[in-house]
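In what follows, a single structure is set out as C-alpha cells and then discussed.
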C-alpha cells in the first residue's frame, strides 16, 4: 500500500509541474508579439541594443549595425606616430524613430540619436547621444511643454526635414573632427 501512495504522490507532483509549465508558457510575451511602437512613443523595451534589434509583429526595427552607413568612409589608417584618422562606427539608432520608416511627419520631429564608436588603438567603446530635430519639431516640444526657452546639453543637429543620410553625415563628420582633435591632445 505504501508504494502506491508514493507513486500517486509523484504522479500528482509531475502533473502539477507539467500544468504549471503549460500555463506559464501561455502567459509569456515574446518580442515578436509586442505591439508596434506608435510615433512619439519609445519602444516597449527601450532603445535597441548593439547586437539584437527589437522584433515587433510587423517586422524588425533595425539599427545602424544592421543597415550600415549610406555612404563610404575613408579606411581607418594609422600614421607613423600611432594615431588613427577616425574611430570605428559600430552602431547608431534613434530612441523613438525607426531608421527605415522615419518619423510620422518628416518636417516635424525631435528625437535622441545614439552613435556607438570604438577607438582603434585601445578598442574602448563608447556611446554619444545627440539631439536631432527640425525647427518645427523644436517648436512643437517648446509649445507642448510650455517652454519659454530650451537648453540642450547634448550636441544638436538641426535639419530641415528627415534625411537619414544628411543626419549621419553631419554626426559622423563632426565625430571624425573631434576624434582627430582628441587624439592630438594625447
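The values are calculated or read from the model by the stated rules, or taken from the named source; none is laboratory data. Bear in mind the structure is a predicted one, so any value in this text is a computation, not a measurement. Neighbour counts run over all protein chains shown; Cβ positions are idealised from the backbone, glycine included.
In the set (1) in contact with a strand residue (DSSP E or B) (Cβ under 9 Å, 6 or more places away or on another chain); (2) touching a residue at least 60 places away in the same chain (Cβ under 8 Å), residue 165 fails one condition alone, (1).
When the residues of segment 147-160 are filtered to those that are assigned to a loop (DSSP other than H, G, I, E, B) and closer than 12 Å to residue 135 by Cα, the one that is farthest from the chain's Cα centre (by Cα) is 160. Considering the conditions (1) part of a helix (DSSP H, G or I); (2) touching a residue at least 24 places away in the same chain (Cβ under 8 Å); (3) more than 13 Å from residue 64 (Cβ to Cβ), residue 174 is excluded by exactly one of them, (2). Quick check: anything in segment 91-108 more than 14 Å from the chain's Cα centre (by Cα), under 17 Å from residue 174 (Cβ atoms) and in a loop (DSSP other than H, G, I, E, B)? No, segment 91-108 contains no residue that is more than 14 Å from the chain's Cα centre (by Cα), under 17 Å from residue 174 (Cβ atoms) and in a loop (DSSP other than H, G, I, E, B). Is segment 79-91 home to any residue that is touching a strand residue (DSSP E or B) at 6+ places or on another chain (Cβ under 9 Å) and farther than 18 Å from residue 177 by Cα? So far as segment 79-91 goes, yes, one or more of its residues are touching a strand residue (DSSP E or B) at 6+ places or on another chain (Cβ under 9 Å) and farther than 18 Å from residue 177 by Cα. Among the residues of segment 136-146, some residue qualifies, meaning at least one is at pLDDT below 95 and part of a loop (DSSP other than H, G, I, E, B).
Table: residues versus (1) closer than 16 Å to residue 167 by Cα; (2) free of Cβ contacts under 8 Å to residues at least 40 places away in the same chain; (3) not in a loop (DSSP other than H, G, I, E, B).
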position: 66; (1), (2), (3): no, yes, yes
position: 71; (1), (2), (3): yes, no, no
position: 74; (1), (2), (3): no, yes, no
position: 86; (1), (2), (3): no, no, no
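For segment 27-37, the criterion of being modelled with pLDDT of 85 or more, touching a strand residue (DSSP E or B) at 6+ places or on another chain (Cβ under 6 Å) and closer than 23 Å to residue 167 by Cβ is met by no residue.
The residues of segment 155-177 that are closer than 18 Å to residue 116 by Cβ and surrounded by 12 or more Cβ atoms within 10 Å (Cβ to Cβ), listed by number, are 155, 157, 164, 167, 168, 169, 170, 171, 172, 174, 175, 176. Could you check, for segment 110-125, whether at least one of its residues is assigned to a loop (DSSP other than H, G, I, E, B) and crowded, with 19+ Cβ neighbours inside 10 Å? No, segment 110-125 has no match at all.
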